[in-house]
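First up is the structure itself, then whatever we jot down about it.
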Amino acid sequence: MKLMNCPLNGPRPVLEFAFGGELRAMPDPDRASDAQWADYVWNRNGAPGVKREWWCHVPSGFWFIAERDTLRDVVIATYPCEAVLR
């Protein structure tokens, strides 16, 4: 069984998690052009490699960040949101 380490609940089966998308910087809502918003909403970097992603441990509702190598499908590290979004 494949496990993922939840920063709150420890190692849990991957079936308990939901993917929330890649962590990306949001443009400033007061200054972004329509083109910048469209780019933020629709364009993603789909190239394989190391990415920082939003994940949720569904039973506890705990959201966190996982650093994951999408080429090898390996979780490198997990962090509480507060540790990454400072």
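Scanning segment 1-28 for residues that are within 12 Å of residue 61 (Cα to Cα) and β-branched (Val, Ile, Thr) turns up nothing.
Among the residues of segment 41-65, the ones that are over 14 Å from residue 4 (Cβ atoms), under 15 Å from the mean Cα position of the chain (by Cα) and not charged (D, E, K, R) come to 6 in all.
On inspection, residue 68 fails the criterion of being within 13 Å of the chain's Cα centre (by Cα) and at pLDDT below 95. Whether any residue in segment 28-40 is within 17 Å of the chain's Cα centre (by Cα), surrounded by 10 or more Cβ atoms within 10 Å (Cβ to Cβ), free of Cβ contacts under 8 Å to residues at least 60 places away in the same chain and within 16 Å of residue 70 (Cα to Cα) is what I want to check. Within segment 28-40, not a single residue is within 17 Å of the chain's Cα centre (by Cα), surrounded by 10 or more Cβ atoms within 10 Å (Cβ to Cβ), free of Cβ contacts under 8 Å to residues at least 60 places away in the same chain and within 16 Å of residue 70 (Cα to Cα). Evaluation of residue 71 against the conditions (1) of a type in the set (A, V, I, L, M); (2) in contact (Cβ under 8 Å) with a residue 40 or more places away in the chain; (3) touching a Pro at 6+ places or on another chain (Cβ under 7 Å) shows that the sole unmet condition is (2). Scanning segment 71-82 for residues that are modelled with pLDDT of 95 or more and either buried (at least 16 other Cβ atoms within 10 Å of the Cβ) or in a helix (DSSP H, G or I) (or both) gives 75, 78.
Of all residues in segment 50-70, those satisfying the criterion of being surrounded by 11 or more Cβ atoms within 10 Å (Cβ to Cβ) and in a loop (DSSP other than H, G, I, E, B) are 58, 59, 60, 70. For segment 1-48, a residue qualifies if it is closer than 14 Å to residue 75 by Cα and in contact with a Pro (Cβ under 9 Å, 6 or more places away or on another chain), and the qualifying residues are 2, 3, 4, 5, 7, 12. Between 47, 77, the distinction of being aliphatic (A, V, I, L, M) and closer than 20 Å to residue 9 by Cβ belongs to 77 only. Scanning segment 1-25 for residues that are without any contact (Cβ under 8 Å) to a residue 60 or more places away in the chain, surrounded by 10 or more Cβ atoms within 10 Å (Cβ to Cβ) and part of a loop (DSSP other than H, G, I, E, B) gives 9, 24.
The values are calculated or read from the model by the stated rules, or taken from the named source; none is laboratory data. For clarity, every value in this text was computed on a predicted model and none was experimentally measured. All Cβ positions, glycine included, derive from the backbone under ideal geometry; neighbour counts span all protein chains shown.
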